[in-house]
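Q: Input: one structure, supplied below.
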Amino acid sequence: MKKRNKVVLGIVAIVVIMIIGLWGIDFGGYLSVSEAKNPQYVGRDVEVKGIVKEGTLKIDVHSTSFVLTDGKADIQVEYIGDRPVNVAEGKDVVVYGKLISNEEIEARKIILGCPSKYVGY
């Protein structure tokens, strides 16, 4: 076999191995609130990006709740745990948790501000 054919065969083998290795990995990033309301996500862990809707933030000693919006759809967020610092109405957040119904997320983690800064709670 010629050297060139071996190189081409090697490259093809590497590409096939990469495709198989990456099969099933989701590269979609965060869901919008509108996308998260799709029934296919109910019962699954989700990462949803949106804005804390004005007039909905309720902070207790051990829980925080608010409505997350993307301007088109709203979803209720319930977070149990230490009070996240700097959560405020009108701020961008990313919520990590389980979609209980297409109306509610049970959050385990909240990231505030620009997701690239990753201030997590």
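Q: Arrange Y79, Y41 by Cβ neighbour counts within 10 Å, fewest through most, would you?
A: Y41, Y79
Q: Amide H of S63 versus every other amide H placed in the peptide plane: which residues, excluding those fewer than 5 positions away on the same chain, fall under 5 Å?
A: Long-range HN contacts for S63: G81.
Q: With labels modelled as points extended 7 Å from the Cα through the Cβ direction, what inter-label distance (nm, one decimal) is found for N86 paired with S34?
A: Those two pseudo-labels are separated by 2.9 nm.
Q: Take every Cα pair under 8 Å in segment 28-120 that's 6+ residues apart, average their separations, divide by the length, and report that relative contact order as a whole percent.
A: Rounded, it is 29 percent for segment 28-120.
Q: State, in angstrom, two size descriptors of the chain derived from its alpha carbons: Rg to one decimal place and Dmax to the nearest whole number.
A: Over the chain's Cα set, Rg and Dmax evaluate to 20.3, 72 Å.
Q: Count of lysine pairs in segment 28-120 with Cα atoms under 17 Å apart, counting only pairs 8 or more residues apart in sequence or on different chains?
A: Within segment 28-120, the lysine pair count is 18.
Q: As an exercise, use a Förster radius of 25 Å and the Cβ-Cβ distance of S101 and K58 to find the FRET efficiency, rounded to the nearest 0.05.
A: 0.85
Since every read-out is calculated from the coordinates, none of them should be taken as a lab result. In this text, all values refer to a predicted model and were calculated from it rather than measured experimentally. No Cβ is skipped: glycine too gets one built from the backbone with ideal geometry, and neighbour counts run over all protein chains shown.
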